[in-house]
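The values are calculated or read from the model by the stated rules, or taken from the named source; none is laboratory data. Bear in mind that the values here come from a model prediction, so they are computed numbers and not experimental data. Cβ placement follows ideal geometry from the backbone for every residue including glycine, while neighbour counts extend to all protein chains displayed. These accessible areas exclude ligands, DNA and RNA; they are computed on the full protein's heavy atoms, side chains included. Shrake-Rupley method; radii C 1.70, N 1.55, O 1.52, S 1.80 Å.
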Number of protein chains: 2
Amino acid sequence: MDAKTKLCAVIGNPIGHSLSPQIHNAAFAELRLNFAYVAFQVEDVAAAMAGVRGLGIVGLSITIPHKVTSMAEMDQVDPVAQGIGCINTVHNVDGKLVGYNTDGLGAMNSLLEAGCKLDGSKVLVLGSGGAARAIAVTLAHKCELNSMTILGVIKDEREKLAQDVAAGTEAPVVNDDVNEETLAEHVPSSDVIIHCTPIGMHPKTDDTLVPEDLFREGQTVFDAVYNPLETVLLKQASAKKCRTIRGMEMFVRQAVAQFELWTGETAPYDVMAKVVRDALESKA
Amino acid sequence: MDAKTKLCAVIGNPIGHSLSPQIHNAAFAELRLNFAYVAFQVEDVAAAMAGVRGLGIVGLSITIPHKVTSMAEMDQVDPVAQGIGCINTVHNVDGKLVGYNTDGLGAMNSLLEAGCKLDGSKVLVLGSGGAARAIAVTLAHKCELNSMTILGVIKDEREKLAQDVAAGTEAPVVNDDVNEETLAEHVPSSDVIIHCTPIGMHPKTDDTLVPEDLFREGQTVFDAVYNPLETVLLKQASAKKCRTIRGMEMFVRQAVAQFELWTGETAPYDVMAKVVRDALESKA
């Protein structure tokens, strides 16, 4: 680090357990880029953004509780992030702050890198919270889907999400309650199943939302849950010869997308994934 | 670096050639402190200080052109820095920004560490610019001098400095033009001679302000010029068996004082001095 080192950072509150500094610093080191990445515990987002401008910080990751409120501080917000309704990334381009959301991109790229075809596919999203929203809206904007179905227990949230998804795609968008019947109707007929509820997350790792016998060979199943690394849902889907993708992948690839925005370089995926895997395995 | 890393930085404009990141990062590494130090090129000091507050940056070094204007952004300014009229250091204490000036401290501690006695001494300061001001005011506040004499070519600046020095000490403070006569009068009778004019600085390294035969054995001679590392002034003083102190020492020890403010730890002087020496030698 010297006087030409460019700074990136994550802001959130609390922030002391964020993995982002290790992930990005490992990637900067791998490519010998003169960048560094720190974490700031921030209460006042407007003051933090004034700081990003005033100090010339190049890139920011934004995490809870600032993903929505920080949008108002941007000079420009990417249309996908606007559709999602929050940002997780800021790129400071010569003093102009541009907001992005790479969470959905992280999931989308995880699917594509695993060989999953999204254009022309019937996509089923389970859940309607933050992760579901980021993924569903991103896929709507970025892919030519055949259809999207959203199943969730919170009616208002689910309907609002379906509406925002529909604004970004010409594909039909359906939403419904999530229960035995709707799962039995939609899981077998979907090409891509994206699980975004907390079911199966540590410590209740034996739970799963989807009955095993609904999976069909050749489907792609993604689980946003990343602790444990391989959930019961993924194990069962795998046993049914589905292509499975771990939540960890999304987490790594949202960081990959940030890194590439800030540096203009191709991110060293393997190095970044190793940091995340090592951290999650040491927790497990 | 992880999510608990504390950030310090230097602000200035331009800033790309600052050595401060290497000096402080080497010191943090030596003591295995979870701190990092970067440089920010800053135009708007108020915005930068808003950033320091908003992001919770722990410590700042301040350099040209922001040393004066940044004072207005502080919650509190150390009395010595107030007397000097500018700050080179900010310590963020739980959101309260406290301004200090460690430039004069750097010179004072260089003198003391070299074994020079300041209490009871007759001190001669040559020059009345920024370095002279920082050193003279600091010595006035921090030591029990016998007297201080300031010789300089810019009458207004010199008189203002003498006034500000007098406000911090009960010792008599004299100021006069710098010329053959005043040098012949004051150099031989002083215990400590502090040279703060640019004479002798690269590239005109053969120049010196003080005729060699005015030095007396046992005097202490400090030269704020640090390029070259050993000026003609210091070589001649050394030949006359004076104790000599290089400008590099002041530069290292102003950073030492900053480091100790921010971290609460004793700074690793040797490590910091090596960074500065290596950089100055590679330039020479």
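A few comments on the model shown:
- Axis proximity, chain A to B: residue whose C-beta lies nearest, plus whole-Å distance: A:Gly51, 1
- Cα-based shape type of the protein assembly as shown, given that a ≥ b ≥ c are square roots of the gyration tensor eigenvalues and the cut on a/c is 1.5: prolate
- Here the Karplus curve 6.51 cos²θ - 1.76 cosθ + 1.60, taken at θ = phi - 60°, turns the phi angles of the range A:229-236 into couplings of 4, 10, 7, 4, 3, 5, 4, 5 Hz, with x standing for Gly and Pro.
- Accessible-area composition of chain A, carbon plus sulfur, in percent [1.4 Å probe]: 48 percent
- Per-copy distances of the B:Gly115 label point, shortest first, in nm (7 angstrom along Cα→Cβ): 7.7
- Loop trypsin sites (Lys or Arg not before Pro), the range A:162-246, which have at most 14 other Cβ atoms in a 10 Å radius of their Cβ (DSSP): A:Lys204, A:Lys241
- Counted charge near A:Glu185, where neighbours are those whose Cβ lies closer than 13 Å (Asp, Glu -1; Lys, Arg +1): -3
- Packing rank of A:260-273, B:106-119, A:129-142, where each peptide gets the mean count of other beta carbons within 10 Å, highest leading: A:129-142, B:106-119, A:260-273
- Per residue accessible area in Å² of the range B:41-174, where ligands, DNA and RNA are left out and the probe is 1.4 Å: 39 Å²
- When the surface is traced with a 1.4 Å probe over the full set of protein chains, B:Ile199 keeps roughly 60 Å² accessible.
- Long-range tail of P(r) for the range B:223-267 (Cα pairs > 15 Å, %): 51 percent
- 3J(HN,Hα) along the range B:266-280: 6, 5, x, 3, 4, 5, 5, 5, 5, 4, 5, 4, 4, 5, 5 Hz, from the Karplus curve 6.51 cos²θ - 1.76 cosθ + 1.60 with θ = phi - 60°, whole Hz, x for Gly and Pro.
- Anisotropy class of the range A:161-284 from Cα gyration tensor, a/c 1.5 cut: oblate
- Within 10 Å of the Cβ of each residue in A:37-44, the mean number of Cβ atoms contributed by other protein chains is 6.
- Residue order for A:Phe251, B:Phe215 - accessible surface, 1.4 angstrom probe, largest first: A:Phe251, B:Phe215
- Plainly put, the tip 7 Å out from Cα toward Cβ on A:Pro14 is 4.4 nm from that tip on each other copy, the closest given first.
- The residues packed around B:Ile64, meaning those with a beta-carbon under 13 Å from its beta-carbon, carry a net charge of -1 if Lys and Arg are +1 and Asp and Glu are -1.
- Estimated from helices alone, the mean residue ellipticity of chain A at 222 nm is -12000 deg cm²/dmol (sum of -39500 (n - 2.57) over DSSP H runs with n ≥ 4, per residue).
- Using all pairs of distinct alpha-carbon atoms, the Kirkwood hydrodynamic radius of the range B:1-77 works out to 13.0 angstrom.
- Under a 5 Å amide H cut-off, with hydrogens placed 1.01 Å from N, B:Tyr37 pairs with B:Cys8 among residues at least 5 apart or on other chains.
- Interface burial for B against A (accessible surface, 1.4 Å probe, total of both chains, Å², rounded to 100): 2100 Å²
- Expressed as a whole percent, the proportion of Cα-Cα pairs in the range B:32-94 lying more than 16 Å apart is 43%.
- Gained length - A:Lys274 relative to A:Val68, 0.36 nm times residue gap less alpha-carbon distance: 71.2 nm
- Projecting the Cα atoms of B:Leu126, B:Val192, A:Met148 onto the charge dipole of the protein assembly as shown (Cβ charges, centred on the Cα centre) puts B:Val192 farthest toward the positive pole.
- Close amide H contacts of A:Thr149 (hydrogens built in the peptide plane, cut-off under 5 Å, sequence separation of 5 or more or a different chain): A:Val123, A:Leu124, A:Val125, A:Val174.
- Value of relative contact order over chain A, rounded to a whole percent, pairs C-alpha under 8 Å and six or more apart: 16 percent
- Percent RCO, i.e. relative contact order, over the range A:43-97, from Cα pairs under 8 Å lying at least 6 residues apart: 44 percent
- For the range B:1-136, the square roots a ≥ b ≥ c of the C-alpha gyration tensor eigenvalues yield an a/c of 1.5 or more together with a/b exceeding b/c, which makes the shape prolate.
- Label spacing, shortest first and in nm, from A:Glu260 to its equivalents in the remaining copies (7 angstrom along Cα→Cβ): 5.0
- Using θ = phi - 60° in the Karplus curve 6.51 cos²θ - 1.76 cosθ + 1.60, the 3J(HN,Hα) couplings for the range B:221-228 round to 10, 10, 10, 5, 5, 10, 9, x Hz; x is entered for Gly and Pro.
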